């Protein structure tokens, strides 16, 4: 790289308020997007190897106070070098060519430990990538690191594991990044990687994304494979992208979506996937849209500052061309949302242990309990799940998937029939009605989590995007709920809202040493 390009990069970093200029690596990684990186590769501004080095340097310098990263991929630089050589030879970039990605520590990655934050899985190193990881790697993504998570994905409230401890919110270190994918969220928000991957059983992609000013996609159940992922409740589980922009999240979803023979639910996705999702990234995507406000959630003990942000978001939606229908009411909503959760952890995790871990001394949940945990919270959840199976509130009703469970179908049909009757493109509500909790009081202050209530049970897609900030520099998120397999509409709407409001901003990590 010549001197003039180094000077140009220096000034670009200065303009972007990058906290660390990374002049050794010659790259400012703050808020880099896939498009930015691919343009840089095409213009020979820097290479994949240099970008990986820049991210690794940033992690080394800044993660001590956040504690988002658990394991670095020792082969990341070798993979980057191979991708550089491929591009030099072919001149062709794969869809995610040379894009460093952070993976939640419950998704199998070949040669890199997958612990789900637990002592029981310490030492488990998968021989093969999960199906979705294979797709990302085939598209050119570089697995940079694994990220911390709430142990066994039990907690939507906070991100604490026996293997790595507690992850803090990069926007305010005294607060949680929510759970269970809080490590991925904190890492991507702090610019430790370009994009991230989390899993969402009830909240765990969208909740942390909302708490860290990120975009989080929970797609339709059946669109993305769940095989080779440590489960919580498989009937609800799905992996999803966590990114700083809707465009980046869309490009990750585009790669991951599709049928996996090891996950029968993905058979439903056949015929429901467009040629590409990026075609729906339209800045005028809200023009003519009809958006409904689900007041049963948005008015449920909402913090005044978040209520003000939400009301402003509705005005912004209208200013960007949408018609907002206030106070839409789903018939029997309070009844339909009840008795949806099922205690399937035991059968799901024991199946995972048999299929993937294959350790004769670790085959049951009781074996996991015997190994132990550093967390009283996790111990209680393990024991409670070991003692229960079936539907938590009514064990006589069978627990089935989103396409065959009568309670789930009834809930979804009520919502989609309302949307049809009002010609709605989406329904909106705050992702959280209350601010992030303080780390030392996460159980007492865990309030207002709207992500748990609809889409994990109905199977519908729900995306969260940044909605603004409240006192304490704490982010808030706006959630869009759509019809089954209508990701194209949600992409169109969320992209237009994001581009029209630009709420995302980088956390100020300059005060990180106060806690070091």
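What follows is calculated from the coordinates using simple rules that are stated; it is not laboratory data. Just so we're clear, the structure is a prediction, and the values are computed from it rather than from any experiment. Cβ placement follows ideal geometry from the backbone for every residue including glycine, while neighbour counts extend to all protein chains displayed.
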### Message
Please give the Cα centre distance for the stretch 159-191 versus the stretch 50-110, rounded to the nearest Å.
### Response
19
### Message
Over the chain, what is the relative contact order in percent, taking alpha-carbon pairs closer than 8 angstrom and at least six residues apart?
### Response
16
### Message
Which of the three applies to the stretch 240-325, rounded, prolate or oblate, going by the alpha-carbon gyration tensor with a ≥ b ≥ c and a/c under 1.5 meaning rounded?
### Response
prolate
### Three-way shape call for the stretch 343-391 based on the alpha-carbon gyration tensor, with the a/c threshold at 1.5
oblate
### Task
Round to a whole angstrom and tell me the spacing of the C-alpha centers of the stretch 316-381 and the stretch 425-459.
14
### Ranked by how many other beta carbons lie within 10 Å on average, peptides 227-236, 102-111, 209-218 from highest
209-218, 102-111, 227-236
### Query
Classify the stretch 23-75: rounded, prolate or oblate, from the alpha-carbon gyration tensor (a ≥ b ≥ c, eigenvalue square roots; a/c under 1.5 rounded; otherwise prolate if a/b is larger than b/c)?
prolate
### Summary
Bridge orientation stat for the chain from DSSP, antiparallel percent rounded to 5, came to 70
### Task
Using semi-axes √(5λ) of the Cα gyration tensor in Å as the read-out, say which of (i) 32, 28, 22; (ii) 41, 29, 24; (iii) 42, 25, 22 was calculated from these coordinates.
(i)
### Task
Output the peptides 181-194, 29-42, 260-273 sorted from most to least packed, where packing is the average of other Cβ atoms within 10 Å over each peptide's residues.
181-194, 29-42, 260-273
### Message
With an 8 Å Cα cut-off and a minimum separation of 6 or more residues, compute the relative contact order for the stretch 381-516 in percent.
### Response
19
